[in-house]
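Report on the following structure.
The values are calculated or read from the model by the stated rules, or taken from the named source; none is laboratory data. In this text the structure is predicted, and so the values were computed from the model without any measurement. Reconstructed Cβ throughout: ideal geometry from the backbone, glycine too, with neighbour counts over all protein chains shown. Please note that ligands, DNA and RNA were not included when accessible areas were found on the heavy atoms of the full protein model with its side chains. Shrake-Rupley method; radii C 1.70, N 1.55, O 1.52, S 1.80 Å.
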Amino acid sequence: MAAMTTIELTQHLKAEAARLGFVLAGVCPAVAAPGSARWPAWLDAGYGGEMHYLADRAEAYRHPESVLEGVRSLLMLALPYRTAEPAEPGPTTGRVARYAWGIDYHDLIRARLQSLQAFVLEVAPHALVRGTVDTAPLCERDFAQLAGLGWIGKNTLLLNKQWGSWFFLAALLTDLELSYDAPQAVDHCGTCRACLDACPTDAFVAPYVLDARRCISYLTIELREAIPLELRPGMGEWLFGCEVCQEVCPWNRRAPESSEAELQPCESMNPIELTELFDLDEEAFLARFRSSPLWRAKRRGLLRNAAIVLGNRPAAAAIPALRRGLRDSEPLVREACAWALAQYPPALRGADSSPIGLETLDNGGKRPV
């Protein structure tokens, strides 16, 4: 391929990104992450909960140099994932965040980043290039705003006028100098506080400040211990993740649907039947979810979540599954099932069905015994 100017290379990269399905593409210089100065106070307040990797890599998050030595430019990308609308859950089903309805998005996006990387190396064989999708210590939202893709909303998610927040962010880092876009300078949230007021667990300490310890996505995915008792009712029907703050956002009402086949809902994922999860041993769980984002919660975490959802929405059909959970090898699962059964009226449980193991609730739901 003939040598290109900086502007030409940038234009061709964006065109290739669009061909690969990225609906937004912008370029920014490799500088210190604009929001990194706020990290220490956020971490010191404990808002990161058990996500200790954030504190462990706090210094690395300050500059993209920690991801690619010698980096000069970042191509920030967005891949949309809004597909079908969520179906109404039944008595024994739960909701899964729509980004997790299909295959693991990491696999999907990494393959496309590799294509972009190959494109760069074809033009500049000696260039340094690395693609990342939310696993490297990189403040994607900060750099996406710097690259003009959108603004960071009051719910701490990146928002775009056309696509709302229904998209994944990814980055291609390189030591090449590219043509930089103008940063997004305007915050279009205005006086709206729909996301703040709608959060079922009051996870927003203030606009733009999230206490992850109260966030349903954190509770159902990142937290490895028992979910605090006072937060369980707020989980409602959410088995994995949460989208309440996105669903109420005005900018998300008209966001286009994605045609990505890999992101369409897998069978029985929208919604998901909860009772059958208690029949899965580790091997069966792996076989069913190995290619799904739900694998991140692990079997014990997903069954814990399922029990809480079934406790929030008592249904006679769920009782046999919850009783099976009382005999599970995982204390975390047993405790959650005991709690769930305790939410059922005695008449629904039956005269001879006092939930075994309710003594595990004496610890306040902080740690199963």
_Selected residue [part of a helix (DSSP H, G or I), in contact with a strand residue (DSSP E or B) (Cβ under 8 Å, 6 or more places away or on another chain) and either open to solvent by 60 Å² or more (accessible area, probe 1.4 Å) or in contact (Cβ under 8 Å) with a residue 12 or more places away in the chain (or both)] from A17, A25, A41_ = A17
*Within segment 217-230, is there a residue that is at pLDDT 95 or above, part of a loop (DSSP other than H, G, I, E, B) and of a type in the set (S, T, Y)?*
no
*What residue, among those in segment 185-202 that are outside any loop (DSSP other than H, G, I, E, B) and within 29 Å of A25 (Cβ to Cβ), is nearest to the chain's Cα centre (by Cα)?*
C195
*Flag if A32 is in a helix (DSSP H, G or I), more than 30 Å from A226 (Cβ to Cβ) and aliphatic (A, V, I, L, M)*: no
*segment 231-268, residues that are in a helix (DSSP H, G or I) and open to solvent by 70 Å² or more (accessible area, probe 1.4 Å)*: P233, E247, W251, A261, E262
*Filtering segment 203-214 down to residues that are in contact (Cβ under 8 Å) with a residue 24 or more places away in the chain and open to solvent by 40 Å² or more (accessible area, probe 1.4 Å), which residue is nearest to the chain's Cα centre (by Cα)?*
R213
*Check every one of the strands (runs of 3 or more DSSP E) wholly within segment 80-184 and list those with 1 or more residues that are open to solvent by less than 50 Å² (accessible area, probe 1.4 Å) and farther than 22 Å from A32 by Cβ.*
93-96, 167-174
*asked:* Which numbered condition in (1) modelled with pLDDT of 95 or more; (2) out of contact with any Cys (no Cβ under 9 Å at 6 or more places or on another chain) is the only one that C192 fails?
replied: (2)
_All positions within segment 252-290 that are of a type in the set (G, A, S) and under 30 Å from G150 (Cα atoms)_ = A255, S258, S259, A261
*Residues located in segment 269-288, provided they are assigned to a loop (DSSP other than H, G, I, E, B) and without any contact (Cβ under 8 Å) to a residue 40 or more places away in the chain*: L280, D281
